[in-house]
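No lab work stands behind these numbers, since they all come straight from the coordinates. Just so it is clear, the structure is predicted and the values come from calculations on it, not from any experiment. Reconstructed Cβ throughout: ideal geometry from the backbone, glycine too, with neighbour counts over all protein chains shown.
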Amino acid sequence: MFNNLNSTTVRLYLLIRTIFDCIVALIGIILTLPVLIIFSLLIKLESRGPIFYTQERVGLEGKRFYIIKLRSMYINAELNGAQWASENDPRITKIGLFIRKTRIDELPQLINILKGDMSLIGPRPERPIFTKKFNNEIPGFVNRLAVKPGVTGWAQVNGGYNITPKEKLELDINYINNLSWRLDIYILFKTVKVVLTGDGAR
């Protein structure tokens, strides 16, 4: 389906981008450490439970890994089973609402990049249960797994949480078919806008 992924140019681009991702992630961790410390303390002061939250996700070619985030919900938020966050979700703490809106809760995923599980830009990784569900409902949903998942991506900056799985698939496939530094830079600029405005957050 993705003939472009086999081209020498795209393979070289993905190799260089992996190196670029690691450099940016390392610098990002150093620069955002004060922010992480401050919000870690606020999370701990507001509600009981761990500061960080890990959750199994599906990555490149179906490989499973644990994504790392700052905890934005009360503990035992999924006693009734896995579910997507909704607008005005009562499970989200006050601090959690802010860090989700500003995407600060995503900062620990820089560690996922250093571990090789994620890239700075790519399709948003879904949980195994939702990946299977969406692929049954929308054949081809797993084609998003042709590249590493990203902290941000084309689908995230064009709707975020507010788009349907089908729309997400279409946007992610469009991104994979048009991989380029130019598109990545454009996504990064749009990401900054999303962070500043809080668009698409839940």
(message) Whole percent per 5 Å bin, from 0 to the bin with the longest distance: what is P(r) over all C-alpha pairs of region 91-202?
(response) 2, 12, 21, 24, 22, 14, 5, 1
(request) Beyond 24 Å, what share of the Cα-Cα pairs of region 3-197 is found? Please give it as a whole percent. (result) 40
(message) Over the chain, with a Gaussian network built from C-alpha contacts below 10 Å, which listed residue (K166, K63, K101) shows the highest mean-square fluctuation?
(response) K63
(request) Would you mind getting me the FRET efficiency between E170 and L33? Use the beta-carbon distance for r and R0 = 45 Å, nearest 0.05. (result) 0.75
(request) Report the percentage of all Cα-Cα pairs in region 1-58 whose separation exceeds 15 Å, rounded to a whole percent. (result) 70
(request) Mind scanning K69/K132; K69/K190; K115/K190; K132/K193; K168/K193; K69/K133 and naming the pairs with a C-alpha gap bigger than 30 Å? (result) K132/K193
(request) Loop only per DSSP, at most 16 neighbouring Cβ atoms within 10 Å: give me the trypsin sites (Lys or Arg not before Pro) in region 1-59, ordered by residue number. (result) R48
(request) Name the most mobile residue of L45, L36, L107, meaning the one with the largest mean-square fluctuation, in a Gaussian network model of the chain with Cα contacts below 10 Å. (result) L45
